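The values are calculated or read from the model by the stated rules, or taken from the named source; none is laboratory data. Values in this document were obtained by computation on a predicted structure and should not be read as measured data. No Cβ is skipped: glycine too gets one built from the backbone with ideal geometry, and neighbour counts run over all protein chains shown. For accessibility, only protein heavy atoms count, side chains too; no ligands or nucleic acids. Shrake-Rupley method; radii C 1.70, N 1.55, O 1.52, S 1.80 Å.
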Amino acid sequence: MSIGNTLLGLLESGPRHGYDLKRAFDEKFGHDRPLHYGQVYATMSRLLKNGLVDVDGIEAGGGPERKRYAITDAGITDVERWLTTPEKPEPYLQSSLYSKVVLALLTHRDAAGILDTQRSEHLRSMRILTDRKRKGDLADQLICDHALFHLEADLRWLELTAARLDKLAEAVTA
C-alpha cells in the first residue's frame, strides 16, 4: 500500500492535522498495521517537499505546533494517477515454502512433514480470519476475503505439491 497516496486521498475531503490523518488511516486501513506517528509526519514532510500538500495552517498548543495539511492540485493529480494505475499482480515465483520443501528433499529431511505443518498453520489462520470476517463490518469482511482467497490458493498448492512430492524428489536430487 502506498501510504503517501493514501494520506493524500484522505486529504481530498479537506485539510487535516497529522494526528487526524493517522486516526483516519488507522480506522479505514490500519486494522492490523496502524501507522506510527513518525511515519505520518515523515510522509507528510516528503509530500510537502514534493509539492503535493501545503501547510494550510499552524496552531500553537500545549505541545509542539500542529500543522494542518491541505492537498494541492498536483496532489489531486497524483492520487488520480495512482487510483487509475492497475497494481501489478504478484506472482509468487520465489516462495520461501517452495525453497524449504526443496531443501528438505535435498537434505533428506521430511518434506511431507513441512507441507503438513504449513497446511495446519494455513488452516489455523483461515479459522481466525473467518471468525474475524463473521464479526466484522463490510470493510473487515472484504479484507478477510482477500486474505482467505490467497490462503485457499496456498492450500491448493500445498495439496498439489504433496501429491507430486515423489516426482519433485526425483527431479531435484537427479
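Kindly establish whether P64 is surrounded by fewer than 12 Cβ atoms within 10 Å (Cβ to Cβ) and closer than 30 Å to L168 by Cα.
In short, no.
Name, by its number, the condition in (1) assigned by the TED database to the domain that holds L48; (2) open to solvent by less than 70 Å² (accessible area, probe 1.4 Å); (3) assigned to a helix (DSSP H, G or I) that does not hold for A70.
(3)
More than 18 Å from the chain's Cα centre (by Cα) and open to solvent by 90 Å² or more (accessible area, probe 1.4 Å) - does that describe any residue in segment 119-133?
yes
Please work out if D26 is over 21 Å from the mean Cα position of the chain (by Cα) and within 25 Å of L142 (Cβ to Cβ).
No; evaluated as a whole, the condition is false for this residue.
What is the residue count in segment 157-174 for residues that are in a helix (DSSP H, G or I) and either open to solvent by 80 Å² or more (accessible area, probe 1.4 Å) or more than 17 Å from D110 (Cβ to Cβ) (or both)?
Qualifying residue count for the region: 8.
Condition check ((1) assigned to a helix (DSSP H, G or I); (2) touching a Gly at 6+ places or on another chain (Cβ under 6 Å); (3) at pLDDT 95 or above) across all residues:
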| position | (1), (2), (3) |
| --- | --- |
| K88 | no, no, no |
| Y92 | no, no, no |
| L97 | yes, no, no |
| K100 | yes, no, no |
| A104 | yes, no, no |
| Q118 | yes, no, no |
| R127 | yes, no, yes |
| A153 | yes, no, no |
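Counting only residues that are hydrophobic (A, V, I, L, M, F, W, C) and part of a loop (DSSP other than H, G, I, E, B), how many does segment 1-38 have?
3
Could you list all residues from segment 39-67 that are assigned to a loop (DSSP other than H, G, I, E, B) and either closer than 26 Å to I143 by Cα or of a type in the set (D, E, K, R) (or both)?
Hit for segment 39-67 is E65, nothing else.
What residue, of D154, D140, is open to solvent by less than 30 Å² (accessible area, probe 1.4 Å), of a type in the set (D, E, K, R) and in contact (Cβ under 8 Å) with a residue 12 or more places away in the chain?
D140
Tell me, which residue of segment 28-50 that is open to solvent by less than 60 Å² (accessible area, probe 1.4 Å) and more than 14 Å from L11 (Cα to Cα) is modelled with the lowest pLDDT?
Among those that are open to solvent by less than 60 Å² (accessible area, probe 1.4 Å) and more than 14 Å from L11 (Cα to Cα), it is G30.
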